[in-house]
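Shown next, in C-alpha cells, is the structure this report addresses.
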Amino acid sequence: MREYKIVVLGSGGVGKSALTVQFVQGIFVEKYDPTIEDSYRKQVEVDGQQCMLEILDTAGTEQFTAMRDLYMKNGQGFVLVYSITAQSTFNDLQDLREQILRVKDTNDVPMVLVGNKCDLDAERVVGKQQGANLANHFNCVFMETSAKAKISVNEVFYDLVRQINKKSPKEVNKPRSRKHICRLL
Amino acid sequence: MLVRGCAGGELRHSLSEKTKALAAKCHALRSPAREQRGTERRRTRQRKSQTRWYVKQPTWRLWGEERVDGAIYTVYLKKVRYHRPTRCASSESDDEISHLEWETVRVRFVKAGTVDRLVEALATDDGELESTYVNVFLATYRSFAECSKVLDLLLGRYETLAADDVLSTGTENSQQHRKTLVACLHVWLDTYPEDFRQPPHHPALQQLLTFTQIHLPGSELHSKVLQKLAIFSAERNGSVGGSGVSLAPGMRLPAHHTISYRLPHVPHRHFAEQLTRMDMELFKKLVPHQCLGAIWSRRDKDRSHDAATVLATVNQFNAVSFRVISTVLVEPILKPLERADILAAWLDIARELRVLKNFSSLKAIISGLQSNPVYRLRKTWALLNKEKAELFEELARIFSEDNNRWAQRELLMREGTAKFADTVGENDRQLQKLLHERGSPGVSHGTIPYLGTFLTDLTMIDTAIPDTVADGLINFDKRRKEFEVLAQIKLLQGAANAYHLPTDPMFDRWFDSVIILDDREAYQLSCQIEPQTNAPKERRPKKNENNNGHRKNDSIASTSSSNSSQFYCETDGVGTWKRDSLERRSSPTRLSHGSSSSSIPSLDVSLSSANSGPKQLNGKVANSPAHPTRNGPDFYIIRVTYESDCVETEGVVLYKSIMLSNNERTPQVIRNSMLKLNLDGDPDGYTLAQVLPEREMVLPANANVYYAVNTAYNLNFILRPRRPETDVVVNGKTKNKRA
Ligand SMILES: Nc1nc2c(ncn2[C@@H]2O[C@H](COP(=O)(O)OP(=O)(O)OP(=O)(O)O)[C@@H](O)[C@H]2O)c(=O)[nH]1
Ligand SMILES: [Mg+2]
C-alpha cells in the first residue's frame, strides 16, 4: 500500500487540528488545545486504491515554527489552512507557501488551500472570491470547509492524494530503505 | 542519559579514564602496580625504558565484546605512542633507530559476570592488581554479594593458586596473582573496616585470621587482622555505640534553660560555622556506599540501618530547614519588620555558608525560606531591602532545578576541593560584592555538598540501568557508573577535613531548643500572620484558557514556567517519518567546559544532549560561546503514543507532542499526556515509558521526568494503562511507589 505524507499548516486556531481529527476520527473537537506536533494515520480508498495517509498536524503557534523546515522537507502534500473569520490567518499563508517552495526547491508541490470555519458565515471576513484568487495565484486547488459541520473535509485529503499520484504515479510501495528516504529529501 | 554509558566506545573510554583519575585521588593504593595497569604484554620493556620515554595520550578504539563462560568483557585496542622528551645526544643513535614508536595493546574491562568471575578479575590476566577495578568492586559489591561470599571466593582463589605452586604447576603469574589478592585484602581492610565488624564474633575477620595464620604467618596482613580484632573487641567492651552514628541533633532532648541566642540578633558567621561543624561531623561519617540506589532508595524499615549515615545527614538537613520555618513563624505577634529581620538574618547566615562552601545547610536554609508557609508571606518579603532580596535570588539560583541543577554541580566541581570560594555567576551582584569585601580569606576550608544531588544521581542510575544482563550476569558496568558518583563523594569527604571549627555548646542548646512545627501548624501560623487572599497561589503564569480564536496565542510560552525567555525544543529527530529507520546520532557531541567538569558523568551526558540536540527557536541566540552550558533547554518536547488493547477501526493517533518542563514529575507528565490524548481517569492508572532502541525505560512513579529521560535518543514515549494485577517492576525488582 502506498503511503502519503501530508502536512497541515496554517496560523494558530484556524482549525488544523479540528480538520485533521474530523477526517481521521470523525469527531469535532470543540476545545482549543494548541498543538505542538501531532501525528495521525488513516487508511482510505481513493479511486479504488487503498492508501495509507500519515498526517502531521503542526503548530500554528509562533514559538514552534522553527520546526517547519523539517516538516516541509518530509511532507509530500500540504494543506494550507486559514479561517474565513480572520484576515490575518489568510495573509500569513503567502509566507508559508514561499517557505514550502524554498524547502522543496520546486514550484510543483501538491497543495490545497483551505478556508475553514465556513459554517461561521456571519463572522466571515475573508470572501470566497479572495480565497479563490489566492489559490489561482498559488496555482493550487481551493476549498472552503467546516470541521464542525463536516463540509468538504474528506475532499481536501482525497484531492491531495490525487495530486500526489499525478505528480509521481509510479512511486508505489517501495521498501523504506535509507536510500529511499534520501531520495525523497 | 544515564544508560547511554553502555554504548559508544568514545564515551566509555573517557568514563573509565575518569574513574581511574578519581580512584587515584581517592585511594593511595599500596600496590606494586600503582599507576600502570592493563594487560600490556610488553610491560617489562616499557618499565625499563620509562625513564627516558613517556607515553603520550593513548588512543583507544572499541574493539568489541568478548564472552567467556560466566563473563562478558569489553575489549579496547589501545595505541600507545612513545616519545622522547628531548632530542638525545648522537651517542644514543642506535636507540633512536630501534626504539619502539608505538604499539597496540588489548585492554579488557569486565562488563558483566558472575560473582566468581568478578572476584577473579581483581587481578588482571598477568596477575597484576587492577586498582581501578578493585576500587569499584569494593565500593559496590554489597549490592550483589555478601561480604562472606566475596571473602570465601577471594581466599579460595588464593588457596587454589598456592596449591598449584606446591605442585609446581604454577607459573610466574600465579605468584604475582597471590600478591595481588593480598593487596586487595589490605585495601579492603583499610577502606571498609566496617564490613568486618559483624558483632559480636566478627566471623569474617576470624576467617581471615585463620587464613593468615596458615598462609601468611607474621605478614603485614596478619598483624593488621590482629590489630583490627583488638580494636573491635575493645570497642565492644568499652560499649562504644555500634555504627558510630549519633542521632541528628534535632532529636536530642530539648534544653529547658535560658536561651542565649535569639534571632535575628545572632552572629551570622558564627551560626554558619556551627551549622557547618554539625554537617561536617555527619558528612565525614557518611559511608558512601550507603548512598547507592539499591541501598538508600530501597531501604525498608528493618534495613534502615544500612543507610544510617545517609539518614543522619538527611535528618540534619531537615532539622535546619525546620528551624528556619519555625523561627520565622513561631511568634505570630511580631511586627512585619521584625519578621523581615529574621528572614534577613537567615539570608546572612546562608551567605556565610556559601563562603564556607557548606552547600548542605545552605540548601536547607533556602528550602526553608522557599517552603510555602514562609514563602507565601509576601508582605514580609516585601520589606526586605533590595540587596537582601537579590541575595536570596542569587543563592536560590545555585540550587535551581534548571538544567539538571547545573549551577550547583558546576560550583561543586569548581570549588569542591579548592581552597576558597571564588566562583560566582556574573549576574550575582551580592555574592560578587561579598567575595570582593572578603578578599582572599586567610583560612582555607572544606566543602560540604548537598547530598541530595548525589542521591538522585544514584537513584537514577539504579533505576535506569539493569542489575543483570544476559544470562543473569552481574552488570558490572553499572557498578562502574555508580562508583564515579561515590568517588565524588569520597573526594569531597577528604576535603571536609580541612574545616577546623570549634564546638559551641550554647549554639547546640539553641539548636535543640527551637520548637518544630509540623506542616499543618506552620501553614496555620502563616495564615494567621498573613491571611489567605483569593489570588491564586501559583506565582507562575498558567496556561491561558484560550477558548478559540485566531489570536496567535502565547499560551505555550507561558507554560514553560521559567523566567528565561529562550525556547528550545527537540528538533533533532523531528524528521517524523524517519522514526522507524532509527537513524540516530550515535553519540551527541560532548561539550568540554573545563577538564574539571568531566567527573560527573550524568551531568556531562545530559548537558551535551541538551545543547547539541535541541535547537532554540525564535532565532534568539542563547548560548554565547563563553558560556556554552549556561542555558539549557527550558523544556523538551516529547512525543507520547497511547497504547491500549482496543483495536481502532477508524484512523489512529500515532503520537501527540507535549512539553516537558524542567521539574515535572511522572504523575504530572502522565496527566498532561492524558489531557492531550483525551483520556479520562486517574493518572495512577497509567504508566509512561521511554522507547529506547533496544528496550523501554518505564519511568519510576515519582521521577523528575525532565531529568530521567534519556535525551540521547528521540524523546518517544508510550502511555499505557497499568495492568491491575501487576506491580511496577523495574530492574526485575518490585518497587514500591515512593512519595
Ligand atoms: N465553528 C467552527 N469552529 C471551528 C472549526 N474548526 C475549528 N474550530 C474551533 O476553533 C478552535 C481552534 O481549532 P484548532 O483545530 O485547535 O486550531 P489549530 O489550527 O489546530 O490551532 P493550533 O494548534 O494552535 O495551530 C477550536 O475551538 C475549534 O473548536 C470550524 O470549522 N467551525
Ligand atoms: Mg492544533
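The values are calculated or read from the model by the stated rules, or taken from the named source; none is laboratory data. Bear in mind the structure is a predicted one, so any value in this text is a computation, not a measurement. Using ideal geometry, Cβ is built from the backbone for each residue, glycine included, and neighbour counts are taken over all protein chains shown. Side chains are part of the model used for accessible areas, which takes the heavy atoms of the whole protein and leaves out ligands, DNA and RNA. Shrake-Rupley method; radii C 1.70, N 1.55, O 1.52, S 1.80 Å.
Only one of the listed residues (B:L185, B:L205, B:L161, B:L189) is surrounded by fewer than 20 Cβ atoms within 10 Å (Cβ to Cβ), free of Cβ contacts under 8 Å to residues at least 40 places away in the same chain and at negative phi. That residue is B:L189. Going through (1) surrounded by 23 or more Cβ atoms within 10 Å (Cβ to Cβ); (2) more than 9 Å from chain B (Cβ to nearest Cβ); (3) without any contact (Cβ under 8 Å) to a residue 24 or more places away in the chain one by one, A:D38 falls short only on (2). Mind checking whether some residue in the range A:43-57 is under 13 Å from the mean Cα position of the chain (by Cα) and either under 18 Å from A:K117 (Cα atoms) or more than 9 Å from chain B (Cβ to nearest Cβ) (or both)? There is at least one residue in the range A:43-57 that is under 13 Å from the mean Cα position of the chain (by Cα) and either under 18 Å from A:K117 (Cα atoms) or more than 9 Å from chain B (Cβ to nearest Cβ) (or both). Every test in (1) within 12 Å of ligand 2 (Cβ to nearest atom); (2) touching a residue at least 24 places away in the same chain (Cβ under 8 Å); (3) more than 20 Å from A:A149 (Cβ to Cβ); (4) within 11 Å of another protein chain (Cβ to nearest Cβ) is passed by A:S88 save one, and that test is (1). Which pairs have Cβ atoms under 7 Å, sit 6 or more apart or on different chains, and link a residue in the range B:451-479 that is among the basic types (K, R) to one that is part of a helix (DSSP H, G or I) and at pLDDT 85 or above? Going by the 7 Å Cβ cut-off, the qualifying pairs are B:R479/B:V136; B:R479/B:T140. Per the conditions (1) without any contact (Cβ under 8 Å) to a residue 40 or more places away in the chain; (2) facing another protein chain (nearest Cβ under 9 Å), the sole criterion not satisfied by A:G60 is (1).
Looking at the range B:634-643 only, could you name the residues that are open to solvent by less than 40 Å² (accessible area, probe 1.4 Å) and at pLDDT below 90? Residues satisfying the conditions are B:D634, B:F635, B:Y636, B:I637, B:I638.
Here B:L692, B:L675, B:L679 are screened, and the one residue that is open to solvent by less than 30 Å² (accessible area, probe 1.4 Å) and either more than 14 Å from every other protein chain (Cβ to nearest Cβ) or modelled with pLDDT of 80 or more (or both) is B:L692.
Considering the conditions (1) over 17 Å from A:N116 (Cβ atoms); (2) near ligand 1 (Cβ under 10 Å from one of its atoms); (3) crowded, with 23+ Cβ neighbours inside 10 Å, A:G75 is excluded by exactly one of them, (2). For the range A:1-40, a residue qualifies if it is of a type in the set (K, R) and within 13 Å of ligand 2 (Cβ to nearest atom), and the qualifying residues are A:K16, A:K31.
Per the listing A:S83, A:S152, the residue uniquely on the phi > 0 side of the Ramachandran plot, touching a Ser or Thr at 6+ places or on another chain (Cβ under 6 Å) and within 16 Å of ligand 1 (Cβ to nearest atom) is A:S152.
As a summary of the residue check, B:A139 satisfies the conditions (1) touching a His at 6+ places or on another chain (Cβ under 6 Å); (2) open to solvent by 30 Å² or more (accessible area, probe 1.4 Å) except for the one numbered (2). Per this entry, A:G77 is not counted among residues that are within 14 Å of another protein chain (Cβ to nearest Cβ), touching a residue at least 24 places away in the same chain (Cβ under 8 Å) and either within 16 Å of ligand 2 (Cβ to nearest atom) or charged (D, E, K, R) (or both). Right, A:V109: without any contact (Cβ under 8 Å) to a residue 60 or more places away in the chain, surrounded by 15 or more Cβ atoms within 10 Å (Cβ to Cβ) and under 13 Å from the mean Cα position of the chain (by Cα) or not? So A:V109 fits the description; yes.
Filtering A:D33, A:D57 for residues that are more than 12 Å from A:F157 (Cα to Cα) and either open to solvent by 20 Å² or more (accessible area, probe 1.4 Å) or of a type in the set (S, T, Y) (or both) leaves a single hit, A:D33.
Quick one: would you say A:D119 is open to solvent by 10 Å² or more (accessible area, probe 1.4 Å), more than 10 Å from chain B (Cβ to nearest Cβ) and at positive phi? Considered against the rule, which asks whether it is open to solvent by 10 Å² or more (accessible area, probe 1.4 Å), more than 10 Å from chain B (Cβ to nearest Cβ) and at positive phi, A:D119 comes out as no. Residues in the range B:452-462: is at least one at pLDDT 70 or above and more than 30 Å from B:F109 (Cα to Cα)? Scanning the range B:452-462, I find at least one residue that is at pLDDT 70 or above and more than 30 Å from B:F109 (Cα to Cα), so the answer is yes. Filtering the range A:1-30 to residues that are open to solvent by less than 30 Å² (accessible area, probe 1.4 Å), outside any loop (DSSP other than H, G, I, E, B) and either within 7 Å of ligand 1 (Cβ to nearest atom) or touching a Lys or Arg at 6+ places or on another chain (Cβ under 8 Å) (or both) leaves A:V8, A:L9, A:G10, A:K16, A:A18, A:L19, A:Q22, A:F23, A:V24.
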